[in-house]
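The values are calculated or read from the model by the stated rules, or taken from the named source; none is laboratory data. Note that the structure is a prediction, hence the values are computed from the model and not measured. Ideal geometry is used to build each Cβ from the backbone, glycine not excepted, and the neighbour counts take in all protein chains shown.
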Amino acid sequence: MTECIIPDCIKPQKTRKTGLCSMHTARVSRHGDPSIRLKINGSGENIGYRAAHNRVDQAKGDAERYSCVDCGQVASEWSYTNDDPAEKIEHGLRYSVDPQFYVARCRRCHKRYDRTGIYTSRYQGVAFEKDRNKWRVWFQDGQRIIRRRFDTEKEAASYYASLSTRASR
């Protein structure tokens, strides 16, 4: 059987079409390059998805110690903000090796964020809806839920602040 076309690799080819062994074929499908070797755990920039999340846990602690950036409930997991210009992709999952690009979210908001592209603001209760190109306020006042959209982040933040002040009276 013919060996892999990658230098110093003596494993047998998986297919004649690519000339790569199963390991290098997997690297191409995961990362687009047979030479990329991500460490499951480790240091530096060349780490995988799981190691990046472990790094966030080490740097920030358990997400349960924080409030969800979207709804204010107790958070349960770390969520990537999609803001890192040097983001990485593994198995179709986007991630960053830098813990500063992760925020605490409850499971519900994390799923909604990943599915809809709703990005959080630096102001509590305000988020950006990418598909509508609007800033959104979501506020629960007892049984009533208030949702409203704004053109600017500051308008949304001041509206949320007025709702919060009214609710605390």
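Take the conditions surrounded by fewer than 16 Cβ atoms within 10 Å (Cβ to Cβ), assigned to a strand (DSSP E or B) and either at pLDDT 85 or above or out of contact with any strand residue (DSSP E or B) (no Cβ under 7 Å at 6 or more places or on another chain) (or both) and apply them to R122. Does it pass?
When the stated conditions are applied, R122 does not pass them.
Specify which of the listed residues (R30, R50) is modelled with pLDDT under 90, closer than 28 Å to C4 by Cβ and under 16 Å from the mean Cα position of the chain (by Cα).
R50
Restricting attention to region 152-169, report how many residues are surrounded by fewer than 15 Cβ atoms within 10 Å (Cβ to Cβ), at pLDDT 75 or above and in contact with a strand residue (DSSP E or B) (Cβ under 7 Å, 6 or more places away or on another chain).
So the answer is 1.
Of the numbered conditions (1) surrounded by fewer than 21 Cβ atoms within 10 Å (Cβ to Cβ); (2) at pLDDT 90 or above, A63 satisfies every one except a single condition; which is it?
(1)
Please give the number of the condition R108 fails out of (1) touching a helix residue (DSSP H, G or I) at 6+ places or on another chain (Cβ under 9 Å); (2) within 25 Å of A156 (Cβ to Cβ); (3) surrounded by 13 or more Cβ atoms within 10 Å (Cβ to Cβ).
All conditions pass for R108, except number (1).
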